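Below you'll find the structure, written out as structure tokens, and then a few comments.
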Amino acid sequence: MKNDMADNTNLSETLFKPRAKHAETSTLIQYTHPKSNIATYSVLNGTSQQSWYRTIQRLQWIWRGLSPIEIEEVLSRIALKDAPRSDDKFIDTIVGYRKGNWSFEWSHQAMTWQQKALREESGDKAADCWLRAANLYSIAAYPFINGDFLADQAVVLAMKAFENATKFSSYVVKKLTFKLEEKGTTTGFLHLPKDSRGPYPTVIFCGGLDNLQSDYVSFFRKYLAPKGIAMLTLDMPSIGYSAKLKLSEDTCKLQGEVLTQLSEVPWIDHTRIGVMGFRFGANIAVRLAYIYPKLIKGVVALGPLIHAFFTQPQLQKKIPIMYLDVIASRLGLFNIDENNLRLSLSSYSLKNQGLIGRRMPVPMMSVYWKGDDISPKEDSQLIARSSMDGDILAINEKPLYEGLELALQNSADWIYKKLI
């Protein structure tokens, strides 16, 4: 295994040589009007400040296993560095792979955990170090805009670090390849619980638009594995192993194609499949339930984006510029009119598609956070009312971490009852 670690370290050195010519992330999506940012806060999305291009997702990063002190140290290095920026309004836009650049600083932090993994050599401690490195490389690539060379290299290293973590971990993780109708294949990871025998009831976890599939390991280990439930993850279109795909109004196309192949996977009990979705992933999860009701035993939507976000201009005006870039990138757009982009979002509303609002048999639970403007209570009520067995859970905005834990624990408990 030492060779694997050395290979990953050498790969880091090869991919990340100091260069100043690569396009900076915030410049990749071009607008007909000058970019500006808004200062907003969302309990799930994090803090958007006018002086930062990226939304800082402290809560999610801490929940994934990063230290708050480590996060602030890296952000401080970025903020304090005096170097050319592509846009002087934004702190995190230093051009080129150098000190102070977003990808540089987070990748540098990841490399320290690679070295710790090398010293540990084997076992769960080494696996945890590799997983920490994978999470940090993922943040180095965040928000995964197409055409971002440095982000693409960070994704390669995140994938390699994650696979190294699976080799050392006491948890069994299966790397699966699924055929797709149009673009070859995609790769998913099946996380198997300990101390139980398969085939396992399985949850397909659909993440947000700005995450890699490896970012959700903590959820599996803490909430699903103890219940004997496996978890299958996939990368969103245009990210990671699904990089060749584009997002469309048929948001669940990728996951639907995979869902129909699960009967061929020996570790999965395909008669007991649940789906959980976070943010945009909840749109996918709910849509899957409508398209494949006979294949799904239950759906959990966390902070869902199913209607209001896509149709209400007052909500769309609260979107930080980074998220507009993310949406445009997932759609394969690079030159856009901001107003036209906002208008086109209406086609992603499941209500406008004629789905949500119709009563259907799949049990669904929706979780919303009080004070979450982007995912209002009404969307969660719409989901619950649309199912013949619908539930809704409200989470207080504060305390932040405890609220997230409560939401995830209740979600795991609910899906367990539907699958077991």
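Observations on the structure shown:
- Among the numbered conditions (1) in a helix (DSSP H, G or I); (2) of a type outside the set (Ser, Thr, Tyr); (3) touching a Pro at 6+ places or on another chain (Cβ under 9 Å), the only one that residue 299 does not meet is (1).
- The single condition among (1) charged (D, E, K, R); (2) open to solvent by 10 Å² or more (accessible area, probe 1.4 Å); (3) at pLDDT 95 or above that residue 246 does not satisfy is (3).
- Residues in the range 292-325 that are farther than 23 Å from residue 29 by Cβ and under 18 Å from the mean Cα position of the chain (by Cα): 299, 300, 301, 302, 303, 304, 306.
- Subset of the range 327-340 that is open to solvent by 10 Å² or more (accessible area, probe 1.4 Å) and part of a helix (DSSP H, G or I) - its residue that is modelled with the highest pLDDT: 327
- Checking residue 279 against (1) basic (Lys, Arg); (2) over 28 Å from residue 152 (Cβ atoms); (3) surrounded by 19 or more Cβ atoms within 10 Å (Cβ to Cβ), the condition it does not meet: (2)
- Lone unmet requirement of (1) open to solvent by 10 Å² or more (accessible area, probe 1.4 Å); (2) in a helix (DSSP H, G or I); (3) within 24 Å of residue 211 (Cβ to Cβ) for residue 324: (1)
- Per the listing 388, 365, the residue uniquely under 30 Å from residue 241 (Cβ atoms) and either touching a Lys or Arg at 6+ places or on another chain (Cβ under 8 Å) or in the same structural domain as residue 203 (by the TED database) (or both) is 365.
- The sole residue among 12, 48, 36 that is modelled with pLDDT of 60 or more and either over 27 Å from residue 335 (Cα atoms) or in the same structural domain as residue 134 (by the TED database) (or both) is 48.
- Test: residue in the range 358-369 that is closer than 23 Å to residue 211 by Cβ, β-branched (Val, Ile, Thr) and crowded, with 16+ Cβ neighbours inside 10 Å: yes
- Residue within the range 197-220 that is under 29 Å from residue 103 (Cα atoms) and more than 15 Å from the chain's Cα centre (by Cα) present: no
- Taken together, 151, 165 contain a single residue that is open to solvent by less than 60 Å² (accessible area, probe 1.4 Å), closer than 25 Å to residue 28 by Cβ and outside the structural domain of residue 263 (by the TED database), which is 151.
- Residue count for the range 170-208, restricted to those that are in a loop (DSSP other than H, G, I, E, B) and surrounded by fewer than 21 Cβ atoms within 10 Å (Cβ to Cβ): 13
- Count of the range 385-399 residues, restricted to those that are surrounded by fewer than 17 Cβ atoms within 10 Å (Cβ to Cβ) and part of a helix (DSSP H, G or I), is 1.
- Given (1) of a type in the set (A, V, I, L, M); (2) more than 27 Å from residue 141 (Cα to Cα); (3) in contact with a strand residue (DSSP E or B) (Cβ under 9 Å, 6 or more places away or on another chain), number of the condition residue 276 does not satisfy: (2)
- Pick from the range 342-357, criterion outside any loop (DSSP other than H, G, I, E, B) and open to solvent by 10 Å² or more (accessible area, probe 1.4 Å), ranking: nearest to residue 251 (Cα to Cα): 348
- Filter pass, residue 316 being open to solvent by less than 40 Å² (accessible area, probe 1.4 Å), free of Cβ contacts under 8 Å to residues at least 60 places away in the same chain, in contact with a helix residue (DSSP H, G or I) (Cβ under 7 Å, 6 or more places away or on another chain) and farther than 24 Å from residue 201 by Cβ: yes
- Every residue from the range 328-340 that is under 19 Å from residue 148 (Cβ atoms) and over 22 Å from the mean Cα position of the chain (by Cα): 335, 336
- Test result for residue 241, of a type in the set (Phe, Trp, Tyr), within 28 Å of residue 271 (Cβ to Cβ), open to solvent by less than 20 Å² (accessible area, probe 1.4 Å) and outside any strand (DSSP E or B): no
- Qualifying residue in the range 137-147 (condition: assigned to a helix (DSSP H, G or I), more than 30 Å from residue 94 (Cα to Cα), modelled with pLDDT of 95 or more and open to solvent by less than 10 Å² (accessible area, probe 1.4 Å)): no
- Flag if residue 231 is farther than 18 Å from residue 408 by Cβ, open to solvent by less than 10 Å² (accessible area, probe 1.4 Å) and in contact with a helix residue (DSSP H, G or I) (Cβ under 7 Å, 6 or more places away or on another chain): no
- Unique residue being modelled with pLDDT of 95 or more and either open to solvent by 60 Å² or more (accessible area, probe 1.4 Å) or touching an Asp or Glu at 6+ places or on another chain (Cβ under 9 Å) (or both) when the list is 284, 296, 306: 306
The values are calculated or read from the model by the stated rules, or taken from the named source; none is laboratory data. Predicted, not measured: the structure shown is a model, and the values here were computed from it. Cβ sites come from the backbone with ideal geometry, for glycine too, and all protein chains shown count toward neighbours. The protein model used for the area step is the full one, side chains on, heavy atoms only, and it has no ligands, DNA or RNA in it. Shrake-Rupley method; radii C 1.70, N 1.55, O 1.52, S 1.80 Å.
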